[in-house]
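These notes concern the structure reproduced below.
Computed from the coordinates by the stated procedures, all read-outs in this text should not be read as laboratory data. Here the structure is a predicted model, which is why all the values come from computation and not from measurement. Note: ideal-geometry Cβ built from the backbone for every residue, glycine included; neighbour counts use all protein chains shown.
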Amino acid sequence: MTETTGTPVESIRKALLGYRVTAWITGIWLIALCYEMVMKYGFGVEGLNWIAVVHGWVYFVYLLFTANLAVKVRWPIAKTIGILLAGTIPLVGIIVEQIQTRDIKQKFSL
């Protein structure tokens, strides 16, 4: 197994895949949550409250996978917090994921 800066590359590759998948899933559920809010407060449609619950759990899993990746690639704490918060704004989490994936692949030759 090849090592880069003391961290096994295969471990980083797996952590990056988990981060990418959860970033996309979180982004999609955040859009669904926005839809639920519009339907609830704009049109008075009830019964979509389960979307908020699912999104909350998906976001929690995203936090875990992102923190795992941050430790493996040694992101500074401020960058880690910024990336964690990016998952709270529709589409921003997906855009940040694309940028970070490109940077990590280049830095660690993945």
Exercise for the section: Out of the residues in region 10-33 that are touching a Phe, Trp or Tyr at 6+ places or on another chain (Cβ under 7 Å) and of a type in the set (Ser, Thr, Tyr), state the one that is nearest to residue 108 (Cα to Cα). Expected result: 19
Exercise for the section: Return yes when residue 45 is assigned to a helix (DSSP H, G or I) and out of contact with any Gly (no Cβ under 6 Å at 6 or more places or on another chain) and no when it is not. Expected result: no
Problem - Filter result for residue 56 (under 13 Å from residue 30 (Cβ atoms), in contact (Cβ under 8 Å) with a residue 60 or more places away in the chain and small (Gly, Ala, Ser)) - result: no
Practice task
Go through the residues of region 90-101 one by one and say whether even a single one is in a helix (DSSP H, G or I), closer than 22 Å to residue 10 by Cβ and hydroxyl-bearing (Ser, Thr, Tyr).
Solution key: yes
Fill in the blank from the handout: The number of residues in region 47-91 that are β-branched (Val, Ile, Thr) and in contact with a helix residue (DSSP H, G or I) (Cβ under 7 Å, 6 or more places away or on another chain) is 8
